[in-house]
Amino acid sequence: MATEIKAPTFPESVAEGTVAAWHKKPGDSVERDELIVEIETDKVVLEVVAPEAGTLTDVMAEEGDTVQSEQVLGKIGEGSASGSKEEKSSGDDSAEKSEEKSEGKKEEKKASGGGKQHDVKAPSFPESIQEGTVATWHKKVGEAVKRDDVLADIETDKVVLEVVAPADGALAEIKAEEGSQVESEAILAVFTEGAGGDSSGSGGDDSAAAKAGSSDDDGADEKVGGKILAPAARKMVAEHDLDVAKIEGTGKGGRILKEDVQKAVKDGSAKKAAKSAAPAKAAAAPAAEGERIEKRVPMSRLRQTIAKRLVQAQQTAAMLTTYNEVDMTEIMALRAQYKETFLKAHDIKLGFMGFFVKAASEALKRYPDVNASIDGTDIVYHGYQDIGVAVSTDRGLVVPVLRDTDSMKIADVERTIVDFGKRGRDGKLGMDDMIGGTFTITNGGTFGSLMSTPIINPPQTAILGMHKIQDRPMAVNGKVEIRPMMYLALSYDHRMIDGKDAVQFLVTLKELLEDPARLLLDV
């Protein structure tokens, strides 16, 4: 009896996902809980594992297809998961018939050192994708590879697609260089079976040499059934020009995850020694006067999603921004007085964000329109305060959410924000960390911004922008004093929030921050 493979249950804020990569093909044996397919959403990459052991019989959603929550992606039939390729080649009739359904697998049987040539083609793109870009060639001409090793990555406007070797052998010619635009099923290269043995430096027949070359040059990370690269990891490897063979995978089955690549980037353990010298020479050579160098790199999926959501916010919301300024004297004095005691008591530093989150929680209770969201023609009033805090990462801006901030202590806020920042940089924020949120705070002052206009995070109706603390001369009780001042910006959706409420919300926030005792006394 066939077992269905279903997409995960998406949260309410995620409408659909894209099939990023199938790690198994029809006819392949799978173990229970083994990674089969990855689904990319506009927030995270979700892994789909085998619900049962058996054989993958049907793929019902191809790479690049858009899928809904709990949609059936494929089916697993009964069968031994340990039989795999040895059983198929030992004379099992049913396995042979299943294998012969794929023309690529037919050619594998004919091949094993016969020198047959193949055209390496781009994948068949879905109707919604017109063309792709050759992002990275992972193999060079003449370099020995094994069947199903990744030869190249094709990046489309939705996903990164892998092009794999049709058999053991080597590339004879590359016809589409990195950066070139290709259409569906365009010829990318010419591949020769059994070739590449000499490049490994070992004697013997071509097939054996090819295997030796693959083992020496490629490492276990690209072996069939061994280590594989997650989509996010592939992207980072290409961006940082790393040697995949030097990266140790910590995922299931030795799979290289994004955090493995980030660790390699941080400690510098996976740099390409051979390739690093070449760019240095190339950079030194162009000494021609007036030469203007440009570099074009593909936009990441996260960056595309950020762009899409920000443009959507500007196009759909009647966005307006009101400004005010807050005197940070009292908070800075309180922080200086208690920072050592706070650190000893809570094992976390006392920052500014805790005060802002608590003040915003109180102001949101007083002005529920600012804490509401718009759903079509409905207004949703939230009886709780879930505040998103913008966190900058190497991949782009993400907004994890603090839950029930009204009941959180300042120490809890500071501790959670530090944790968000660390996990954001390590790529370990999950879907649950970023869904929902009734209000957002973004702190451009961390990077030195004195004034900005933040963009609303739909379907929320308001966002607060914090900025740099700047000493400025202020009139205080008829005298000029130098005070640490911060500009505040509240962008809001005028469809939902009247100007009067937006201004009063910001004034309330200012009053609470300038007199922190109000937060304790609830006045």
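The values are calculated or read from the model by the stated rules, or taken from the named source; none is laboratory data. Just so it is clear, the structure is predicted and the values come from calculations on it, not from any experiment. Glycine also receives a Cβ, built like all others from the backbone with ideal geometry; neighbour counts cover every protein chain displayed.
Observations on the model:
- Some residue of region 128-140 being in a loop (DSSP other than H, G, I, E, B), more than 23 Å from Lys24 (Cα to Cα), modelled with pLDDT under 85 and small (Gly, Ala, Ser): yes
- Checklist (1) under 22 Å from Val163 (Cβ atoms); (2) buried (at least 20 other Cβ atoms within 10 Å of the Cβ) applied to Glu62, failing item: (2)
- In region 324-358, the residue that is farthest from Met451 (Cα to Cα) out of those that are outside any helix (DSSP H, G or I), modelled with pLDDT under 95 and of a type in the set (A, V, I, L, M, F, W, C) is Ile348.
- Scanning region 359-379 turns up no residue that is of a type in the set (Phe, Trp, Tyr), part of a helix (DSSP H, G or I), over 16 Å from Ile435 (Cα atoms) and assigned by TED's automatic domain parsing to the domain that holds Val413.
Residue-wise test of (1) modelled with pLDDT under 85; (2) under 26 Å from the mean Cα position of the chain (by Cα); (3) within 19 Å of Gln304 (Cβ to Cβ).
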| residue | (1), (2), (3) |
| --- | --- |
| Met1 | yes, no, no |
| Phe10 | yes, yes, yes |
| Lys43 | yes, yes, yes |
| Val49 | no, yes, no |
| Asp58 | no, no, no |
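- Flag for Ile76 being at pLDDT 90 or above and in a strand (DSSP E or B): yes
- Qualifying residue in region 294-317 (condition: in contact with a Pro (Cβ under 9 Å, 6 or more places away or on another chain), among the aliphatic types (A, V, I, L, M), over 18 Å from Arg495 (Cβ atoms) and outside the structural domain of Met486 (by TED's automatic domain parsing)): no
- The numbered conditions (1) in a helix (DSSP H, G or I); (2) at pLDDT 95 or above are all true for Tyr487 except (1).
- Among (1) farther than 22 Å from Val370 by Cα; (2) surrounded by 15 or more Cβ atoms within 10 Å (Cβ to Cβ) - the single one Ile482 does not satisfy: (2)
- Cβ-Cβ under 8 Å pairs, at least 6 apart or on other chains, region 507-521 side within 17 Å of Leu464 (Cα to Cα), far side among the hydrophobic types (A, V, I, L, M, F, W, C) and surrounded by fewer than 18 Cβ atoms within 10 Å (Cβ to Cβ): Leu512/Leu519
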